[in-house]
Amino acid sequence: MGSKKLKKIISEDKQCLFQNYGDRLPVCFVRGKDSFLYDQDDKRYIDFFSGIAVTNLGHGNKEYRKTLHRQIDSLLHTSNWYYNREQNEAAGLLAKLSFPGKTLFANSGTEANEAAIKLARRYGLSLHKNRYEIVTFTNSFHGRTYGGMSATAQKKIHEGFGPLVPGFTYLPFNDIGKFRKALKKNKNICAVMLELIQGEGGIVIADPAFVREIFDLCGTKGVLTIIDEVQTGIGRTGALFAFQHFNLSPDIISLAKGLGNGVPVGAIHAKDFLAAYFPRGSHGSTFGGNHLACAAASAVLKQVGKKSFLANVNRLSRFFLNRLNHLKSEVDFIAEVRGMGLHIGIELTKPGARLVSKALDKGLIINCTAEKVIRIMPPLNITPEAARAGMKILESTFREEGGPGANP
Ligand SMILES: Cc1ncc(COP(=O)(O)O)c(C=O)c1O
């Protein structure tokens, strides 16, 4: 049960830190290289998790490191009292790679969503004093601050924190009838916010027809569309942004996770007309978009935004989906394999925590969300060799867990 070194680290954790993450997996990573992480005893692991879809360029990426070193040597932070070339560059890249519009930087996904919620409300309230309601969907996840948490339609996230921020209407995901009805009945809706692939909810993909009709209805009623791309963005799904797969023109997208490849940075990017609803003094952040964060974001966007980079993500995606579907035919506890790009879920017929621990023992990092869904989210530039080696471990872990009939 772990080395002396690890025991000491765990004991310090229990003594010094809030235990809101419970018992963590028994490992402490101390360095990383490409798609590999190394623990306190220098054991090597293949990374199929990317720190929750964050380190999309892997660990120690050469170009990214060069940019970061340069920025650390020149300037980290000045605040938003001053102009900032790195913000301009990152925002310019976002506009070029997503849609023409304006960017506002934050520090995390939940803060990006707070900004999106506040912006949508100011827009709605400018039209009518009661027009501040926002529709979100069951099983969604939008963050842990009060706005993000209130937008999240999952009871377990709310527990013990009430009263929540008022004005959120939760509707069933992929049920267009309910959405149509709600929009017809309720004139106070100013925006709808959704993930196109629900990540924390278990890699649940939105039905394209559902999303198409949402956008059509919102377009006719002047209701804003907010796509939460915190997990799906920055190449994770094989397009730079998931909305591009669905051929949509959202009013606002929120970003974080992969945007900084590990340097905390979030953002909203919105159509130009919306910038008027955040006038001087209406919103802000001390750290939001500081020089380091934005240098990191630009370094990421320059690499991930390349067609050849995304083509490779899609090649890798086919490899993973093929192997996983084959595995599904071999063991009897996989209900479904689904995903886009390298945002892949293996839905099990039973809880997945044990598989995560077993894979970790064998040197593979995977994750389980929504209790039964194993998430496969390797760095987007994982080499075919590392992908194959990781899949071998995954397959043997699953086979040992049970072939046909082993787990009735
Ligand atoms: C879709 C989505 N939105 C928002 C968030 C919150 O991001 P953060 O943890 O950076 O606040 C997450 C985090 O998992 C997410 O997956």
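Where a number appears in this text, it was derived from the coordinates with a stated rule and is not lab data. The structure displayed is predicted, hence computed values, not measured ones. Note that each Cβ is placed from the backbone with ideal geometry, even for glycine, and that neighbours are counted across all protein chains shown.
Take Asn247 and Asp175, extend 7 Å from each Cα along the Cα→Cβ direction, and tell me the distance between the two endpoints in nm.
My value for the distance between the label points is 2.8 nm.
Excluding residues on the same chain fewer than 8 positions from Lys306, give the lysines whose Cα lies under 17 Å from its Cα.
Here the lysines satisfying the reach criterion relative to Lys306 are Lys62, Lys96.
Can you give the Rg and Dmax of the stretch 41-183 based on its C-alpha atoms, in angstrom?
When restricted to Cα atoms, the stretch 41-183 yields Rg and Dmax of 19.8, 61 Å.
Treating only the Cβ of Lys, Arg, Asp and Glu as charged (+1, +1, -1, -1), what charge dipole size does the chain show about its Cα centre? Round to the nearest 20 debye.
Working: 54 positive and 36 negative charges, 90 e Å.
So the magnitude is around 440 debye.
Excluding Gly143 itself, what net charge comes from residues whose Cβ is under 12 Å from its Cβ, given Lys and Arg +1 and Asp and Glu -1?
Working: positive: Arg144, Lys257; negative: Glu111, Glu114, Glu195, Glu200, Asp228.
Result for the neighbourhood of Gly143: -3.
Expressed as cubic angstrom per residue, what is the convex hull volume of the alpha carbon set of the chain?
Roughly 156 Å³ of hull volume per residue.
Tell me which GluC sites (Glu not before Pro) from the stretch 149-231 have a DSSP coil assignment and no more than 15 other beta carbons within 10 Å of their own.
Glu159
Test of understanding: in a Gaussian network model of the chain with alpha carbons linked when under 10 Å, which of Leu292, Leu25, Leu164 would top the mean-square fluctuation ranking?
Leu25
Are there any helices in the chain, counted as whole DSSP H runs, that stretch 30 Å or more along their axis by Cα and score at least -1.0 on average by Kyte-Doolittle, and if so which? Walk me through the numbers on the way to the answer.
On the way: long enough: 307-330 (35 Å, -0.46).
The qualifying helices are 307-330.
Lys/Arg Cβ at +1, Asp/Glu Cβ at -1, dipole of the chain taken about the Cα centre: which of Ala239, Tyr38, Ser11 is farthest positive-ward?
Going by the charge dipole, the pick is Ala239.
Within the stretch 236-336, report the trypsin sites (Lys or Arg not before Pro) that DSSP leaves as loop and that have at most 12 other Cβ atoms within 10 Å.
Qualifying residues, ordered by number: Arg280.
Test of understanding: what is the full-extension gain from Ala311 to Lys4, defined as 0.36 nm times their sequence separation minus their Cα-Cα distance?
The Ala311-Lys4 span can extend by a further 106.1 nm.
Considering the stretch 296-340, what Rg and Dmax in Å follow from its alpha-carbon atoms?
When restricted to Cα atoms, the stretch 296-340 yields Rg and Dmax of 15.0, 44 Å.
Give the range of the longest stretch in the chain that excludes all chymotrypsin sites (Phe, Trp or Tyr not before Pro) found in loop regions by DSSP and having at most 15 other beta-carbon atoms within 10 Å.
162-408
Could you pull out the pairs from Lys8/Lys302; Lys66/Lys307; Lys155/Lys350; Lys155/Lys271; Lys184/Lys271; Lys33/Lys118 whose alpha carbons sit more than 29 Å apart here?
Lys8/Lys302; Lys155/Lys271; Lys33/Lys118
With a point put 7 Å past each Cα toward its Cβ, work out how far Lys156 is from Leu125 in nm, to one decimal.
3.4
Give me the net charge of Arg180's neighbourhood, meaning all other residues with Cβ under 15 Å from the Cβ of Arg180; Lys, Arg count +1, Asp, Glu -1.
Spelling it out: positives minus negatives among the neighbours equals +3.
Identify all lysines with a Cα-Cα distance to Lys181 below 17 Å; exclude those on the same chain that are fewer than 8 residues away in sequence.
Lys221
Non-local amide H neighbours of Ala106 (under 5 Å, H modeled in plane, Pro and chain starts lacking H): which ones?
HN-HN under 5 Å from Ala106: Gly266, Ala267, Ile268, Gly289.
Using 0.36 nm per residue of separation minus the Cα-Cα distance, give me the extension gain between Glu12 and Lys33 in nm, one decimal.
In short, 4.9 nm is gained.
Would you compute the Debye intensity of the stretch 75-304 from its alpha-carbon atoms alone, equal scatterers and no solvent, and pass along log10 I(q)/I(0) at q = 0.16 Å⁻¹ to two decimals?
Scattering profile of the stretch 75-304, log10 relative to I(0): -1.10.
Residue by residue through the stretch 335-352, which ³J(HN,Hα) values in whole Hz follow from phi under the Karplus form 6.51 cos²θ - 1.76 cosθ + 1.60 (θ = phi - 60°), with glycine and proline marked x?
Couplings: 7, 6, 10, 8, x, 9, x, 10, 10, 10, x, 10, 7, 9, 8, 8, x, x Hz.
Given points 7 Å out from each Cα along the Cα-Cβ axis, report the Ala276 to Asn322 separation in nanometres with one decimal.
Label at Ala276, label at Asn322, 5.3 nm between them.
Please give the net charge around Lys350, taking every other residue with its beta carbon less than 15 angstrom from that of Lys350, where Lys and Arg add +1 and Asp and Glu add -1.
-2
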